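The values are calculated or read from the model by the stated rules, or taken from the named source; none is laboratory data. These numbers come from a predicted model, not from an experiment. Note that each Cβ is placed from the backbone with ideal geometry, even for glycine, and that neighbours are counted across all protein chains shown.
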Amino acid sequence: MDLDGKHVVITGGSAGIGAGLAHEFAERGARVLVAARSEAKLREVADRIVGDHIVADLSASDDVDAFIPRCLEMLGHIDILVNNAGVETSTSFATTDRADVRTLARLNFEAPLMLTRDVLPHMLERGTGHIVQMSSVAGAIPFPGLAAYSGSKAGLTNFTETLRLELKATPIGLTVVSPGPVLTEMWERLDNDDKPFAAAGLKRFRRLGFLPKLSVDKLVDATIDAVERDRRFVRLPRRYGGYHVLNNAPRRIVEGALIGVKFPHDWEQQ
């Protein structure tokens, strides 16, 4: 997809990966709308890229339900949706506050599903579109202390790969981004966390060399290149490739078994 003049919506766009994506999409000629809870940070990013912003709490169902209509009202149409907003917990699941679990589930899993559901009819009607789901290597392998986070990312990955089968032979592109640790505030918090589950596991992983950290810029470039080239996955660092291959093997077997099956495009009848 040629990005020049395309309309891009990025959730979690006030800092870190989201802000990096916003800047690079704009550099490549796109009009970018960023969304998050912090108006001050959003305005700073939007001003820097000469873009748009919407303040929204995507762990709240009312804000989720209104989000795509608000974006369409502002932009007119959406070419690319990046579901990047997310949050983590770092205690044992048994001791994680119930409210934190619910917020994580809504923001990391429910919101991307609902926003994807809301934008799909628009993209299908226009005959073009691309959706990026920000998952994680934690969706392929277990990280003690990140149980809820890992579960949400595994669900997002499997949802997207199933949706890919439903949308076969349509012009809608789907990219799952599954990085390891990225040099953002999230991993800085985890590195400095003294809670026993996260700290103990991460200490062992670091000792074994399992946690090489990616720069935001490297992940951003790989993600936007994937959109331009309509690639299915972004999986960095490469040393995690074996985990992803094994994790994705059952999906590829199912995909092969369904070769030749034509699913009805029932959205065309609505």
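Miscellaneous remarks
- Val101, sole failed condition from (1) assigned to a helix (DSSP H, G or I); (2) within 30 Å of Phe205 (Cβ to Cβ); (3) β-branched (Val, Ile, Thr); (4) under 13 Å from the mean Cα position of the chain (by Cα): (4)
- Inter-residue pairs, beta-carbon under 7 Å, first charged (D, E, K, R) and in segment 105-129, second part of a helix (DSSP H, G or I) and crowded, with 19+ Cβ neighbours inside 10 Å, 6+ apart: Asp118/Ile68
- Candidate set from segment 134-150 (those that are among the aliphatic types (A, V, I, L, M) and out of contact with any Phe, Trp or Tyr (no Cβ under 7 Å at 6 or more places or on another chain)); member that is surrounded by the most Cβ atoms within 10 Å (Cβ to Cβ): Met134
- Residue in segment 1-28 that is farthest from Ile80 (Cα to Cα), counting only those that are assigned to a loop (DSSP other than H, G, I, E, B) and aliphatic (A, V, I, L, M): Ala15
- Restricted to segment 29-96, the set of strands (runs of 3 or more DSSP E) holding at least 3 residues that are out of contact with any Cys (no Cβ under 8 Å at 6 or more places or on another chain) and either buried (at least 22 other Cβ atoms within 10 Å of the Cβ) or aromatic (Phe, Trp, Tyr) (or both) comprises 31-36, 80-83.
- Of the criteria (1) modelled with pLDDT of 95 or more; (2) among the β-branched types (Val, Ile, Thr); (3) not in a helix (DSSP H, G or I), which one Ile141 fails: (1)
- Residue among Val101, Val45 that alone is closer than 21 Å to Pro179 by Cβ and modelled with pLDDT of 95 or more: Val45
- Within segment 64-93, residues that are of a type in the set (Phe, Trp, Tyr) and at pLDDT 95 or above have Cβ atoms under 8 Å from residues that are crowded, with 16+ Cβ neighbours inside 10 Å and in a helix (DSSP H, G or I) in these pairs: Phe67/Leu115; Phe67/Asp118, counting only partners at least 6 apart in sequence or on another chain.
- For Arg232, the conditions (1) in contact (Cβ under 8 Å) with a residue 40 or more places away in the chain; (2) over 23 Å from Glu166 (Cα atoms) are fulfilled apart from (2).
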